[in-house]
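Here is the structure we will look at, set down as structure tokens.
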Amino acid sequence: MTVRKIIKIDEDKCNGCGLCVPNCVEGAIKIIDGKAKLVKDSYCDGLGACLGHCPQDALHIIEREADGFDEEAALAFAAASGYKTPDAKPVNAGKPAHVHGGGCPGSRMMVLNERKQETSAANKVNSDDVEIRIKPQLRQWPVQLSLVPVKAPYFEGADLLVTADCVPFAYPDYHLGLLKGKAVLVGCPKLDDIAAYTDKLADIISNNDIKTITVAHMEVPCCSGIVRAVDMALALSGKDIPVKRVMVTINGTAENEG
């Protein structure tokens, strides 16, 4: 062993989003039990290519005593695990790829069988029924959190819906079940700057008379970042506003989390 540079993962900050995984060519990082873990000291080159891809600032390069970097073993491990480099080329290009569970659970490929999806009674339509069209419930534009102004007339006295951007695609009753009667803000907690979103939300809450907040997120772990952004923004604003949390499953059902 020798003292060298190596990755350190702060598990208290890590939310298991998995963005660091494909950015480690050697496959040294894996999501285990919902947290990023260093698989083996000798697989980490200590260069920190993964650092800029953690939205939670949970990755840092430190110096400590560790086994030396074994590039050959690391790349062999990455190839066997089917890891991909950031340019989307498999490490084991030309060889059969293996499906692995080391990345973000929310990015795992799935084919949803329409016949097996749960359907609520309210969404059932018989083949002999007349065509049904739902009136759009959107009351403002824009809706993207980065684009909306901090101060707007549609925020005054509003019930605010903060929604992860995959929710409207997964939840068939989105317009009537969530959006109706609300001002809405949309963002992606995985791919966007969640710190900037938190600050923007805090400014919106501080500068407007918001009555209630509903935050809707997908069931995948990385999507819960939108919930934390709302909680932190509310704390920064110093206001006491009721918050309702709704989790939407990939199969299209909604569960109230309080």
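Computed from the coordinates by the stated procedures, all read-outs in this text should not be read as laboratory data. As the structure is a computational prediction, the values presented were derived from the model and not from experiment. Virtual Cβ from ideal backbone geometry, glycine too; neighbours counted across all protein chains shown.
Overview of values
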| item | result |
| --- | --- |
| Residue order, fewest to most beta carbons within 10 Å, for THR253, THR163 | THR253, THR163 |
| Relative contact order (%) - criterion: Cα under 8 Å, at least six apart; region: segment 212-258 | 42 |
| Cut-off under 5 Å, modelled amide H: who pairs with CYS24 long-range | none |
| For segment 185-258: rounded, prolate or oblate by the Cα gyration tensor [a/c cutoff 1.5] | oblate |
| Charge tally in the Cβ shell below 15 Å around ILE213, where Lys, Arg are +1 and Asp, Glu are -1, ILE213 excluded | 0 |
| Neighbour-count ranking [beta-carbon atoms within 10 angstrom, fewest first] of VAL215, VAL220 | VAL220, VAL215 |
| Charge tally in the Cβ shell below 10 Å around ASP45, where Lys, Arg are +1 and Asp, Glu are -1, ASP45 excluded | -1 |
| Other-chain or far-sequence residues with amide H under 5 Å of ILE32's (modelled H) | LYS37 |
